[in-house]
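A.B. asks: Here it is: the structure, laid out below.
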Amino acid sequence: MPNSTVLSKGARITAGVFCTLFLLNSATWLAIDMAEHGFGALWDSWTGAGPHIDGAVTDPYTVGLLAVQLGAVWAAFTGARAAGGLLAVATTLTFTSAVQVFISTGQHTGDNRWFLGDVDMDTDTFLSVFIISGLLILLGLASCVVVLAGLRTWPTRRPSDPPARPLPAAAVTGAVLFGLLALCGAAWNVAVLLQTGGGQLDVVYLGHGVLSALTSIGPGWSAVTFLLLSAVAALLCGIRGVSARGFTLGLALVLLPTALISLIALLAGGYFFDLGAAQPFQAVLSRVQVLLEVFGSAAVLVLMGRPGMPVAEEWFPPAQPGPAQFVMPGQQQYGAPGQPQPGYAQPGQPQPGYAQPQPGYGPPAAPAPGYGPPAGPPQAPQSPPVPPQAPPMPYGTPQAPPAPPGGGFGPPQG
């Protein structure tokens, strides 16, 4: 079974702390707008049923960010299997949004206007949005590093629950939905570039002069961001990766409230079927994309919210490499191919524990070539050696030999 990549516990908790800060930022600005303008006026401004609120901090995209950040925080601190993908999406969207806000609030002046309506730059709110967006960029980078550095291969050394792949029906639904959304984003970018001829890129992609709130992002900026994320989500669903569930859930959480508010605005204002005469292709494309985001995101939330299919029935210990052995230079490691194994006889070698031929028995071995006496004339045969003589008898009367013991041969002794 191939190994899977999961987020370690330390990285999950650390990224969860960062996402908690992102969540507090979004919730705080939304609460400030509701306290200052009222929920009714804010809703009418979002849906087009009422006048536009100049200097508002939030827009419908803030609601989507709040939803995905809340989901990421919940998954991080509850140890959900989908935490890795949710944290990745929440961190990426917060970072990209902060970059846009930092640019727009930093460049806005009385003569270089980036926002609709009359926006007062001297208020504490405007300055706070600019400073906090810079801090969010740094925190977003730190959270990205934590998530990337915390990826580990499963199975891990410590027992843990196996990661889960999405079910086949959920994987197919996610791959089709986000593949279509990626195609819609690519088609929208091509159509806009052909229409503008490559000009006014700051208006299209950075929203120069058309931003409705201080934390709004440009239409092109949003299109490129979700084009890339949708392509990644479609790929993960296609291969049924273990991070597909969290990644698609994160995108669905941010897309559903944003697209739902846009659909309500189109239906309430009677613009849904009014395609216009100037840009009919872009109007049709935007309507199709809104419908895909609303109904497709709802389907993804239902299907991906179900428990996935674990990659293994239970945790099993990972394969451990053998202990490192000290090897001298020029030598091979113990057990290497071609090396003799201790305790086992090798071909052509005597078996340990068995008697070996003793020296002095058997025919003498032939001398090795190149060794022995130098060649010359044949030598005369030598006489056999003289046997050693018996030692001389000591002086005195010779002693009789002792009698043989009983039971020997010969006549009995009297």
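A.B. asks: Please enumerate the residues belonging to the range 235-282 that are over 35 Å from the mean Cα position of the chain (by Cα) and in a loop (DSSP other than H, G, I, E, B).
C.D. replies: Within the range 235-282, 270, 271, 272, 273, 274, 275, 276, 277, 278, 279 meet the criteria.
A.B. asks: So, in the range 244-266, of the ones that are open to solvent by 10 Å² or more (accessible area, probe 1.4 Å) and without any contact (Cβ under 8 Å) to a residue 40 or more places away in the chain, which residue ends up farthest from residue 306 (Cα to Cα)?
C.D. replies: Looking at the filtered set, the residue picked out is 266.
A.B. asks: To continue, here is another question. Would it be correct to say that residue 15 is at negative phi, aliphatic (A, V, I, L, M) and modelled with pLDDT of 95 or more?
C.D. replies: Answer is yes for this residue.
A.B. asks: Spot the failing condition for residue 74; the list is (1) of a type outside the set (S, T, N, Q); (2) farther than 30 Å from residue 120 by Cβ; (3) surrounded by 21 or more Cβ atoms within 10 Å (Cβ to Cβ), and only one is missed.
C.D. replies: With (1) of a type outside the set (S, T, N, Q); (2) farther than 30 Å from residue 120 by Cβ; (3) surrounded by 21 or more Cβ atoms within 10 Å (Cβ to Cβ) applied to residue 74, the lone miss is (3).
A.B. asks: Of all residues in the range 49-79, how many are small (Gly, Ala, Ser) and either without any contact (Cβ under 8 Å) to a residue 60 or more places away in the chain or assigned to a helix (DSSP H, G or I) (or both)?
C.D. replies: 7
A.B. asks: Which numbered condition in (1) of a type in the set (Val, Ile, Thr); (2) within 17 Å of residue 290 (Cβ to Cβ); (3) within 21 Å of the chain's Cα centre (by Cα) is the only one that residue 232 fails?
C.D. replies: (2)
A.B. asks: Could you go through the range 62-69 and let me know if any residue there is open to solvent by 30 Å² or more (accessible area, probe 1.4 Å), modelled with pLDDT under 95 and either within 14 Å of residue 18 (Cβ to Cβ) or of a type in the set (A, V, I, L, M) (or both).
C.D. replies: Checked the range 62-69: no residue is open to solvent by 30 Å² or more (accessible area, probe 1.4 Å), modelled with pLDDT under 95 and either within 14 Å of residue 18 (Cβ to Cβ) or of a type in the set (A, V, I, L, M) (or both).
A.B. asks: Could you tell me which numbered condition residue 196 fails, if it satisfies all but one of (1) within 30 Å of residue 152 (Cα to Cα); (2) free of Cβ contacts under 8 Å to residues at least 24 places away in the same chain; (3) hydroxyl-bearing (Ser, Thr, Tyr)?
C.D. replies: Only one criterion is unmet by residue 196, namely (1).
A.B. asks: Oh, and also: On the given criteria, is residue 40 farther than 20 Å from residue 125 by Cβ, small (Gly, Ala, Ser) and either at pLDDT below 95 or touching a Lys or Arg at 6+ places or on another chain (Cβ under 7 Å) (or both)?
C.D. replies: Yes; evaluated as a whole, the condition is true for this residue.
The values are calculated or read from the model by the stated rules, or taken from the named source; none is laboratory data. All of these numbers come straight from a predicted model, not from anything done at the bench. Counting neighbours? That spans all protein chains shown, and the Cβs are built from the backbone with ideal geometry, glycine included. Areas reflect the complete protein model, heavy atoms only, side chains present, ligands, DNA and RNA absent. Shrake-Rupley method; radii C 1.70, N 1.55, O 1.52, S 1.80 Å.
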